Amino acid sequence: MERLQKVIAAAGIASRRKAEQLIAAGRVTVNGKTVTELGTKVGVSDKIEVNGVRLEREEKVYYLLYKPRGVLSAASDDKGRKTVVDLFPEVEERLYPVGRLDYDTTGILLLTNDGDFAYLMTHPKFEIEKTYVARTKGIPTKEQLKKLERGIVLEDGKTAPAKAKILSMDKKTDKGIVQLTIHEGKNRQVKRMFEAIGCPVQKLKRESFGFLNLHGLNAGDRRELTAHEVKQLRVLAETGKIR
């Protein structure tokens, strides 16, 4: 027996928090009866419907994608633009991205149909580190790097402490290559952090997610995560370290 909201999230219908909201709003039924109690537990044989649509328990799948530029981090787009899910035409399960990367940002992006896993990977409290490499207009000074590391006050709050270092610089063109490691996921966070110190981002790539990296992959390539990697990511989220 599992909690209803966890089962809904695991089926890829919604995040666990959104599933709780759906239950509280009376939009979920179990065996034909509306359920609003968040502690409700269900079994494999129970018939669950969300907004009148029966929940199908898909096999859970997990992918790592090297997201190319010019692709949306979304399951669909009402303007007809290409999305990351379009890069998986043969996958029958309903995939959606874990978090997001901007349209013009490249790099590592996870996709799954496991809402519980997605929640663990994206909620700031689990503090999974993501490392980005940015080409900036302007070369950050030591003091500017310290500002990034201490946290930048943005319109939606102060960012958590980060790690920042310059990988290379070109004084003639006034451009720098800077590595930034964060564990949050505010909208356009990395770009806004660099804008705040006066060094706007010209190109951005996410090179790692936890212990995962892009070794051996080119833009547009993807691979399935191994069962061990999925387990280790869960452990990393829940304990802060890999066993």
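The values are calculated or read from the model by the stated rules, or taken from the named source; none is laboratory data. Fair warning: this is a prediction, and the values are worked out from it, not measured in the lab. As a convention, Cβ positions derive from the backbone with ideal geometry for all residues, glycine included, and neighbour counts pool all protein chains shown. When the accessible area is computed, the model is the full protein with side chains, heavy atoms only, and any ligands, DNA or RNA have been set aside. Shrake-Rupley method; radii C 1.70, N 1.55, O 1.52, S 1.80 Å.
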As a quick test, which of the pairs Lys79/Lys171; Lys33/Lys125; Lys165/Lys186; Lys186/Lys241; Lys18/Lys67; Lys79/Lys241 have an alpha carbon distance above 30 angstrom in this structure?
Lys79/Lys171; Lys33/Lys125; Lys79/Lys241
Would you pull out the residues with amide H under 5 Å of Gly107's amide H, same chain only if 5 or more places away, H placed 1.01 Å from N?
Lys67, Arg206
Charged-residue dipole, Cβ positions (Lys, Arg, Asp, Glu), region 109-196 about Cα centre, Debye nearest 20:
580
Enter the per residue convex hull volume of the chain, computed from alpha-carbon coordinates, in Å³ rounded to the nearest integer.
154
Over 22 Å apart: what share of the alpha carbon pairs of region 99-175 falls there, rounded to a whole percent?
40
Paramagnetic label zone (point 7 Å from Cα along Cα-to-C-beta, Met169; backbone N under 11 Å) in region 129-152
138-145
Relative contact order (percent, whole number), region 122-200, Cα cutoff 8 Å, 6+ residue spacing:
41
Carbon + sulfur, % of accessible area of region 46-129 - ligands and nucleic acids excluded, 1.4 Å
44
Helix 227-239 versus the longest principal axis of the chain: what is the Cα-based angle in degrees, 0 to 90, to the nearest 10?
80
Relative contact order (percent) for the chain, with alpha-carbon contacts under 8 angstrom and 6 or more residues of separation?
20
With N set to the number of residues, divide the alpha-carbon radius of gyration of region 12-115 by 2.2 N^0.38 Å and report two decimals.
1.25
Please work out the average accessible area per residue across the chain, using the 1.4 Å probe convention, and give it in Å².
53
If I compute solvent accessible area with a 1.4 Å probe over the protein chains, what percent of it on region 156-243 is carbon and sulfur?
48
Note down the nm distance, to one decimal, between modelled labels 7 Å out along Cα→Cβ at Glu92 and at Gln202.
4.8
Report the equivalent ellipsoid semi-axes for region 16-58 in whole Å, largest first, defined as the square roots of five times the eigenvalues of the gyration tensor built from alpha carbon atoms.
15, 11, 11
